[in-house]
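Participant: A single structure is presented below for examination.
The values are calculated or read from the model by the stated rules, or taken from the named source; none is laboratory data. It should be emphasised that the depicted structure is a prediction, and the values quoted were computed from it without experimental measurement. In this analysis, Cβ positions are derived from the backbone assuming ideal geometry, glycine residues included, and neighbour counts consider all displayed protein chains. Ligands, DNA and RNA are stripped out before the accessible areas are found, and what is left, the full protein with its side chains, is counted by its heavy atoms. Shrake-Rupley method; radii C 1.70, N 1.55, O 1.52, S 1.80 Å.
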Amino acid sequence: MTVTAYTLAVVLDLFCLFLGYRFLFQPGPAAAGYGVPADPAGDAGAYLTIKGLRDGALGVVGLALLAFAGARAEAWFMVCVALVPLGDTLIVLRHGGARAVAFGVHFATAVVVLISAALLFLV
């Protein structure tokens, strides 16, 4: 169970880094994948950059907590971070995005993050 808990946590943290990179360097496709397309050359460009920095920072903090503070700190971090994909679910729904993306991507991510937290609490 320990290997599974740590592996899932690392994968989720690395995924946050990947999302951050994608929003910083491929903002158009990243926004479309998010569920609310945006024009990076227009007003949305700054917001896409902010999202990239937010996601990347969450990945770095998650990895640092796991490496230097341990499983319990990472578990609490995951509980708190689950608010982000839950909020993303609402954002996609509120701005006319597909329900399949809202629930199949964002809500499902929140569930996986909470499962990760539960596994880490059990370690």
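Participant: So if I restrict to the alpha-carbon atoms in the stretch 1-108, what is the Rg, and what is Dmax, the biggest pairwise distance, in Å?
Facilitator: Cα-based Rg and Dmax for the stretch 1-108 come out at 14.6, 47 Å.
Participant: Can you work out the accessible area per residue across the chain, with the rest of the protein chains kept in place, probe 1.4 Å, in square angstrom?
Facilitator: Ligands and nucleic acids excluded, the figure is 55 Å² per residue.
Participant: In debye to the nearest 20, how big a dipole does the chain give about its Cα centre with +1 on each Lys and Arg Cβ and -1 on each Asp and Glu Cβ?
Facilitator: For this selection, approximately 140 debye.
Participant: Same structure again: Binned at 10 Å from 0, what are the whole-percent values of the Cα-Cα distance distribution for the stretch 33-73, short to long?
Facilitator: Answer for the stretch 33-73: a P(r) of 26, 35, 21, 16, 1 percent.
Participant: Could you look at the chain and say what percent of its accessible area is carbon and sulfur, using a 1.4 Å probe and all protein chains?
Facilitator: Roughly 74 percent, rounded to a whole number.
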